[in-house]
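Peer 1: Please find one structure pasted underneath; my questions will follow.
The values are calculated or read from the model by the stated rules, or taken from the named source; none is laboratory data. Computed from a prediction, not measured in an experiment: that's the story for all the values here. Counting neighbours? That spans all protein chains shown, and the Cβs are built from the backbone with ideal geometry, glycine included. Note: accessible area is taken over every heavy atom of the protein model, side chains too, but ligands, DNA and RNA are not part of it. Shrake-Rupley method; radii C 1.70, N 1.55, O 1.52, S 1.80 Å.
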Amino acid sequence: MTTNLNWWKGGIIYQIYPRSFMDASGDGVGDLAGITSKLDYVASLGVDGIWLSPIFMSPMKDFGYDVSDYRDIDPMFGSLEDFKALVARSHELGLKVMIDQVISHSADVHPWFEESRQDKTNPKADWYVWADPKPDGSPPNNWLSIFGGSAWKWDSRRLQYYLHNFLESQPDFNFHNPEVRQAHLDNMRFWLDLGVDGFRLDTVNFYFHSEGLEDNPPVPAGEPKTMGAPHDNPYTYQRHVYDLSRPENLDFLKDMRAMMDEYPGTTAVGEIGDDFPLKRMAEYTSGGDKLHMAYTFDFLNTPHSPDYIRDVLKNMQEIVGDGWPCWALSNHDVVRSRTRWGAEEDAEAYPLIALALILSLRGSVCLYQGEELGLPEAEVPFERIQDPYGIPLWPVFKGRDGCRTPMVWDDSALGGFSTVEPWLPVDAKHLPLSVAVQEANPDALLHKVRQLIHWRQKQPALVNGELSQCDLGNGQLIGLVREYQGERVLVVINMTNTSQSATLNGTVSVLDGHGFTSTLEGKTLTLPAYQAFYATLS
Ligand code: NOJ
């Protein structure tokens, strides 16, 4: 068997949120054994691999994005042995395994922080970002936490402030310290040695801060705001010049890549929330010596008109160049795409055409659990809210629980996820969309998603091809040409709720097998609402 070392390039990665995928232990929280028991289902979708959100030791204040031991599994999820079994079974099924690495900050109960906060002279004193107050006792500068308030927390033991870009219980590491950088690389190597195929790098542009601790300027009127934080959050009022995306990060990413290159076939995808995300993606993923790929919030945002999509693609081409994007419509941080993009649209047809869009772009794709079922955002009553980000901004921003509720495997009251009431409630409106219900209905979305993914995986031009946009003379349609090794595939996507037509010039040979319908009479292509058209161009 030949191994494709570039499996990630154009690959499809299924994102699993372990707390909510499958609970094998019966405590209401998902776990590794539960995931392993559902890997056949994941493989049946035709994806290339999985990305597991954090499974490491954690006080769970940010549900695992606050790590207290980078080399061990939280007992809530199982053990290292369970993890090895998960990796082994994934590999048997031909699935790669990527794990989250949350190295910009740790949990405040991590032994490194416990030590660092003791005094200003201990061996870990400089492992986190500490600073004296201003003469009036206030924080060192105006930097803000994404989760609200100042990014500085006073520590009454050390009599200094420490930096936290997220929760107070998530202190930021000082990446200017070479020991910190090395410790993280060593921990990553630990997982590579265990056989993982790659990493999703949390907040990859947050690693370094400016040691001058200068105030960030405000965003000038009319200029774009930071992507990745809701706009009712004052964090978006600042231009994040000094707290993010510092140039020193590029050298660290090169060191990381050099280490990963010792493990052929592994990959890293970075999460970029930034004032100028595509510029950052270009910096981080071009040249083949830093990240393999990165994702931004361009499609995790709310706008989604054909004009907006065309603009994102145009900017991607102009700015990202030879860099490599990873597209996602949903993840564990944003409102589910069917609700965010498709609220007013056909609940069955819209999720499929939106997926067809990202499967037709140059780049890799992350598919978040439950998106293949077309799950809408779940309603979580205020008294069941878990997300610390959601509580202070409620009800304007309800936090991230609505996309994190349990996966629905069948239509029993708890969705077949657990035998006890889960940590987040199952939304009754998800039950008719469960895996079992859809498996039994040949017309259900799940079968169409499977068909589309399996078909797309066999189209080299869609997996690997370069992309250009083509003007079809109808602004409602998105026209793309993907080109690979001399083959040119025309893609036309109608994401609107009405039939659309266009005139095709040139000779085309229609591709089918993807499940969409359209008619081509002479040169006139007609696409019913929410349909796509694929053809080779000669
Ligand atoms: C991004 C993660 O996706 C999110 O869930 C988390 O809260 C923050 N980073 C902080 O780690």
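Peer 1: Using Cα pairs closer than 8 Å and at least 6 residues apart in sequence, work out the relative contact order for the stretch 484-534, in percent. Mind dumping the intermediate values first?
Peer 2: Working: 77 pairs, mean separation 25.4, N = 51.
For the stretch 484-534, the relative contact order is 50 percent.
Peer 1: Oh, and also: Regarding the stretch 315-416, what is the average projected area of its C-alpha convex hull, in nm²? Please report the intermediate quantities before stating the final value.
Peer 2: Numbers: hull surface 33.6 nm².
Result: 8.4 nm².
Peer 1: List the lysines whose Cα sits under 16 Å from the Cα of residue 134, skipping any in the same chain fewer than 8 residues away.
Peer 2: 153
Peer 1: Right, something else. Determine how large the accessible area of residue 259 is when every protein chain is in place; take a 1.4 Å probe and give Å² rounded to the nearest 10.
Peer 2: Spelled out: residue 259, probe radius 1.4 Å, area about 10 Å².
Peer 1: Right, next: Given 0.36 nm per residue, what is the gain on full extension from residue 301 to residue 289 after removing their alpha carbon distance, in nm?
Peer 2: Details: separation 12, 0.36 × 12 = 4.32 nm, distance 2.90 nm.
Extending this stretch completely gives an extra 1.4 nm.
Peer 1: Further, regarding this structure: Just to confirm a number: summing +1 for Lys and Arg and -1 for Asp and Glu over residues other than residue 80 whose beta-carbon lies under 10 angstrom from that of residue 80, what do you get?
Peer 2: Numbers: positive: 71, 84; negative: 72, 81, 82.
Summing Lys and Arg as +1 and Asp and Glu as -1 gives -1.
Peer 1: Hey, any idea what % of the chain's accessible area is carbon plus sulfur with a 1.4 Å probe? Spell out each step's value before the answer.
Peer 2: Details: 10250 of 19760 Å².
The C+S portion of the solvent-accessible surface of the chain is 52 percent.
Peer 1: Could I ask something else about it? Determine the per residue accessible area of the stretch 211-339 with all protein chains present and a 1.4 angstrom probe, expressed in square angstrom.
Peer 2: Details: 4930 Å² over 129 residues.
That works out to 38 Å² for each residue.
Peer 1: Turning to a different aspect of this structure: Could you name the lysines whose alpha carbon sits less than 19 Å from that of residue 458, not counting residues in the same chain fewer than 8 places away?
Peer 2: In chain and number order, the partners are 9, 96, 448.
Peer 1: Relative contact order of the stretch 1-57, please, whole-number percent, based on alpha carbon pairs below 8 angstrom and at least 6 residues apart. Write down the numbers at each step before the final one.
Peer 2: Numbers: 64 pairs, mean separation 23.4, N = 57.
It rounds to 41 percent for the stretch 1-57.
Peer 1: Helix 178-193 sits at what angle to the longest principal axis of the chain, using alpha carbons and giving 0 to 90 degrees rounded to 10?
Peer 2: Roughly 50 degrees between the two axes.
Peer 1: Using the Cα centre of the chain as the reference point, and only Cβ charges (+1 on K/R, -1 on D/E), how large is the resulting charge dipole? Debye, rounded to the nearest 20.
Peer 2: 940 debye
Peer 1: May I pose another question? So if we plug the beta-carbon distance of residue 250 and residue 314 into 1/(1 + (r/R0)^6) with R0 = 30 Å, what FRET efficiency do we get, rounded to 0.05? Could you put the intermediate results ahead of the total?
Peer 2: On the way: r = 25 Å, r/R0 = 0.85.
Here the calculated transfer efficiency is 0.75.
Peer 1: Also, I was wondering about something else. For the chain, what's the relative contact order in percent, using C-alpha pairs closer than 8 Å and at least 6 residues apart? Walk me through the numbers before you get to the answer.
Peer 2: Values: 1170 pairs, mean separation 65.7, N = 538.
Answer for the chain is 12 percent.
Peer 1: Subtracting the Cα-Cα distance from 0.36 nm times the residue separation, let me have the gained length for residue 497 to residue 348 in nm, one decimal.
Peer 2: Numbers: separation 149, 0.36 × 149 = 53.64 nm, distance 1.21 nm.
Gain on stretching residue 497 to residue 348: 52.4 nm.
Peer 1: Based on DSSP H runs of at least 4 residues, each adding -39500 (n - 2.57), what is the mean residue ellipticity at 222 nm of the chain after dividing by all its residues, to the nearest 500 deg cm²/dmol? List each step's numbers first, then the result.
Peer 2: Working: 14 runs with 120 residues, N = 538.
The per-residue figure over the chain is -6000 deg cm²/dmol.
Peer 1: How large is the charge dipole for the stretch 446-538, taken about the Cα centre, if only the Cβ atoms of Lys, Arg (+1) and Asp, Glu (-1) carry charge, to the nearest 20 debye? Don't skip to the answer; put the middle values down first.
Peer 2: On the way: 7 positive and 6 negative charges, 60 e Å.
The dipole of the stretch 446-538 has a size of about 280 debye.
Peer 1: Are any of the pairs 124/279; 279/398; 61/429; 225/314 more than 23 Å apart by Cα-Cα distance, and if so, which?
Peer 2: Numbers: 124/279 34 Å; 279/398 30 Å; 61/429 28 Å; 225/314 19 Å.
In this structure, 124/279; 279/398; 61/429 lie more than 23 Å apart at Cα.
Peer 1: Let me ask something additional. Among DSSP bridges having both ends in the chain, what percentage is antiparallel? Round to the nearest 5.
Peer 2: In the chain, approximately 60 percent of DSSP beta bridges are antiparallel ones.
Peer 1: Which far-off residues, 5 or more places away or on another chain, put their amide H under 5 Å from the one on residue 15, with H placed in the peptide plane?
Peer 2: HN-HN under 5 Å from residue 15: 51, 367, 368, 369.
Peer 1: Considering only protein heavy atoms, what per residue accessible area in square angstrom results for the stretch 401-538 with a 1.4 angstrom probe?
Peer 2: 42 Å²
Peer 1: Provide the net charge surrounding residue 142, with neighbours chosen by a C-beta distance below 10 Å and charges set as Lys +1, Arg +1, Asp -1, Glu -1. Show your work: numbers first, answer last.
Peer 2: Numbers: positive: none; negative: 214, 215, 243.
That works out to -3.
Peer 1: Can you put 203, 536 in order of accessible area, largest first, using a 1.4 Å probe?
Peer 2: Numbers: 203 10, 536 30 Å².
These residues rank, largest area first, as 536, 203.
Peer 1: What does the C-alpha gyration tensor say about the overall shape of the stretch 134-237? Classify as rounded when a/c is under 1.5, otherwise prolate if a/b is larger than b/c, or oblate.
Peer 2: Working: a/c = 2.33, a/b = 1.39, b/c = 1.68.
Since a/c reaches 1.5 but b/c is at least a/b, the shape of the stretch 134-237 is classed as oblate.
Peer 1: Another question about this same structure. Take the alpha-carbon positions of the chain, form their convex hull, and give its projected area averaged over all directions (one quarter of the hull surface) in nm².
Peer 2: Orientation-averaged projected area of the Cα hull: 24.8 nm².
Peer 1: With Cβ to Cβ distances under 14 Å as the rule, what net charge do the other residues near residue 217 carry (K, R +1; D, E -1)?
Peer 2: Details: positive: 225, 239; negative: 214, 215, 223, 243, 275.
Once positives and negatives cancel, what remains is -3.
Peer 1: Which FRET efficiency, nearest 0.05, do residue 118 and residue 177 yield, Cβ-Cβ r, R0 22 Å?
Peer 2: Numbers: r = 17 Å, r/R0 = 0.75.
For R0 = 22 Å, the calculated efficiency reads 0.85.
Peer 1: Residues of the stretch 497-518 with amide nitrogen under 18 Å from the 7 Å Cα-to-Cβ point of residue 443?
Peer 2: 515-518
Peer 1: Could I ask something else about it? For helix 306-315, what angle does its Cα long axis make with the longest principal axis of the chain, in degrees from 0 to 90 and rounded to 10?
Peer 2: Once rounded, the angle reads 60 degrees.
Peer 1: Given the peptides 333-341, 420-428, 518-526, arrange them by the average over their residues of other C-beta atoms within 10 Å, most packed first.
Peer 2: Working: 333-341: 21.8, 420-428: 17.7, 518-526: 13.9.
Averaged packing, sorted descending, gives the order 333-341, 420-428, 518-526.
Peer 1: Among the GluC sites (Glu not before Pro) within the stretch 229-298, which fall in a DSSP loop and have no more than 12 other Cβ atoms within 10 Å of their own Cβ? Present the calculation step by step, with values, prior to reporting the outcome.
Peer 2: Numbers: sites: 248, 262, 271, 283; in loops: 248, 262.
Of the GluC sites (Glu not before Pro), the ones in loops of the stretch 229-298 whose Cβ has at most 12 other Cβ atoms within 10 Å are 262.
Peer 1: Run the paramagnetic zone check for residue 126: 7 angstrom along Cα to Cβ, then residues of the stretch 181-205 with backbone nitrogen under 13 Å.
Peer 2: Taking a point 7 Å out along Cα→Cβ of residue 126, the residues of the stretch 181-205 whose backbone N falls under 13 Å are 181.
Peer 1: Still on this model: With r as the distance between the Cβ atoms of residue 88 and residue 159 and R0 = 56 Å, compute the FRET efficiency 1/(1 + (r/R0)^6) and round to 0.05. The partial results should precede the final answer.
Peer 2: Numbers: r = 50 Å, r/R0 = 0.89.
Once the sixth-power term is evaluated, E becomes 0.65.
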